[in-house]
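The values are calculated or read from the model by the stated rules, or taken from the named source; none is laboratory data. On a predicted model such as this, the values are computed, not experimentally measured, just so you know. Every residue, glycine among them, receives a Cβ derived from its backbone with ideal geometry; neighbour counts consider all protein chains shown.
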Amino acid sequence: MVAAKRSKPPPPNNPAPVGTDPRVLRRAHFLMRLSRAWDARFEAMARVGRIGRWYSAVGNECTTVGTALALGANDAISTVHRDLGAVLTTYLDPTRLAPALFEDGDATPWDALRPSPQSLLDQLASQVFGRRGGFTRGVDRSFHYGLVRPDWGIRHVGMISHLGSMIPVAAGLALANLQDGNDRAVLGFIGEGATSQGDFHEALNLAGVMKLPLILVVENNRYAFSTPLSEQFACEKLSDRAPGYGIAGETIDGLDFDAVHAAMNRAVAHARAGHGATLLECMLPRMRGHAEGDGSYELIPPTEREAYLRQDPLVRFEASLVERGHADAERIKEVTEIARGIIEDAVERALLTEEPVLAEATRPVFAPGEVATAFARQSTEVTGG
Ligand SMILES: Cc1ncc(C[n+]2csc(CCOP(=O)(O)OP(=O)(O)O)c2C)c(N)n1
Ligand SMILES: [Mg+2]
């Protein structure tokens with residue numbers, strides 16, 4: 001397989017925002033609170049049996065939002081089960097969703113491309129309830145959805161499996177960019193458990209050899225279901241593996257927004273410049289069990305659990321906002337309340353929507369060939385699911 005070299009000048013992409021830019025911090029704060037509010041609502045529903053299962057992203061917000069905020073229109077993301085923050089960051093224009101929280105000049109050129117944030121949020125809520133209005137129209141009630149709308153600047157390839165299978169998919173997206181000669185980057189997320197699968201090796205080896213514009217973020221929350229790190233790998237840090245593949249690698253504190261965002265900006269610049277892939281290991285606290293109510297959190301020793309619960313990235317981010325004079329207690333309360341209200345309304349509306357139609361919900365789920373072509377060629381082909 002021979003990839004086209006990046007000979008033609010790359011088309012302009014959105015410049016990566018600067019870490020401590022107040023516009024980025026406002027956006028990050030709202031999106032993290034939105035992600036947390038979503039989890040809180042669905043955790044509550046899982047507890048009373050209104051939904052069958054819920055995989056919380058509590059603790060991952062700083063990493064998912066902090067990395068995704070460094071992307072520009074039409075960079076791609078591939079997600080797994082704790083990446084709601086990255087999905088919200090990619091799909092939504094916060095300045096239209098919560099105008100009271102933003103200032104003139106906060107909107108980016110990408111925001112203007114995106115559709116009504118309310119309609120996308122409604123679709124997302126319908127997806128999680130398995131309703132007809134969701135992206136997969138009821139094929140799935142969970143995270144197995146995607147949204148590829150180049151005309152909106154959104155390229156989200158949804159989850160096939162929780163584990164390593166998504167890594168070669170993300171590498172394939174990066175290869176498509178390379179072959180197309182564009183300067184777009186791909187952000188793929190996985191948990192540390194996925195790094196023990198063969199897919200991790202195959203994809204990162206390919207990324208190294210072909211200098212793919214891939215950023216693989218490992219959300220290391222120290223457990224894969226009930227398997228602790230000591231039984232998962234014997235190297236000190238997962239980023240130690242990067243030199244073996246000839247790619248860049250860093251291990252960072254996934255609770256430190258500035259560190260996450262800066263590392264991601266570096267990785268995106270590296271990818272756009274044709275220097276290849278980066279492995280970014282983000283260290284996270286395990287703040288929830290594998291799925292709500294499956295008993296897996298109780299397998300973690302209580303003192304360890306208590307330490308993780310004290311490391312809430314949102315609490316830390318908000319403290320840093322106050323320290324730097326970007327917010328006060330009142331502002332934090334306002335952002336939290338507005339985010340909660342938006343999620344509450346979206347959930348209530350989704351619960352009133354139509355159930356799936358059998359013929360649609362049982363349709364074949366493979367995307368037609370043109371969709372894959374459209375993905376690389378920036379056509380305006382539409383697909384959901
Ligand atoms: C091949 C395979 N084995 C097992 C599972 C079941 N499973 C789903 S997620 C998961 C743990 C994933 O752990 P990690 O990658 O660390 O992500 P985390 O849930 O901690 O965010 C397991 C064992 C699976 N989906 N696929
Ligand atoms: Mg894990």
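Numbers at a glance
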quantity	calculated
Residue among PHE189, PHE200 that is within 16 Å of ligand 1 (Cβ to nearest atom), buried (at least 20 other Cβ atoms within 10 Å of the Cβ) and within 25 Å of GLY72 (Cβ to Cβ)	PHE189
Test result for ILE167, within 16 Å of ligand 1 (Cβ to nearest atom), at negative phi and surrounded by fewer than 19 Cβ atoms within 10 Å (Cβ to Cβ)	no
Contacts under 6 angstrom Cβ, first residue in region 78-107 being free of Cβ contacts under 8 Å to residues at least 24 places away in the same chain, partner assigned to a helix (DSSP H, G or I) and of a type in the set (Val, Ile, Thr), 6 or more apart	ALA107/THR95
Some residue of region 43-60 being in contact (Cβ under 8 Å) with a residue 40 or more places away in the chain, in contact with a strand residue (DSSP E or B) (Cβ under 8 Å, 6 or more places away or on another chain) and surrounded by fewer than 24 Cβ atoms within 10 Å (Cβ to Cβ)	no
Exclusive hit being of a type outside the set (Val, Ile, Thr), surrounded by fewer than 19 Cβ atoms within 10 Å (Cβ to Cβ) and within 16 Å of ligand 1 (Cβ to nearest atom), set LEU229, LEU255	LEU229
Those residues of region 190-213 which are more than 16 Å from ligand 2 (Cβ to nearest atom) and more than 14 Å from LEU175 (Cα to Cα), in sequence order	GLY198, HIS201
Residue within region 95-112 that is modelled with pLDDT of 95 or more, more than 16 Å from ligand 1 (Cβ to nearest atom) and under 18 Å from the mean Cα position of the chain (by Cα) present	yes
Hits in region 220-249 (condition: away from ligand 2 (no atom under 15 Å from the Cβ) and touching a Cys at 6+ places or on another chain (Cβ under 9 Å))	ARG241
Residues within region 255-305 that are within 29 Å of ARG47 (Cα to Cα) and part of a helix (DSSP H, G or I), tallied	8
Evaluation of LEU216 against (1) surrounded by 22 or more Cβ atoms within 10 Å (Cβ to Cβ); (2) within 16 Å of ligand 2 (Cβ to nearest atom); (3) more than 16 Å from the chain's Cα centre (by Cα) (one fails), failing number	(3)
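Matching residues to (1) crowded, with 24+ Cβ neighbours inside 10 Å; (2) modelled with pLDDT of 90 or more; (3) away from ligand 1 (no atom under 16 Å from the Cβ); (4) over 12 Å from the mean Cα position of the chain (by Cα):
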| site | (1), (2), (3), (4) |
| --- | --- |
| ASN13 | no, no, yes, yes |
| GLY19 | no, no, yes, yes |
| ARG26 | no, yes, yes, yes |
| HIS29 | yes, yes, yes, yes |
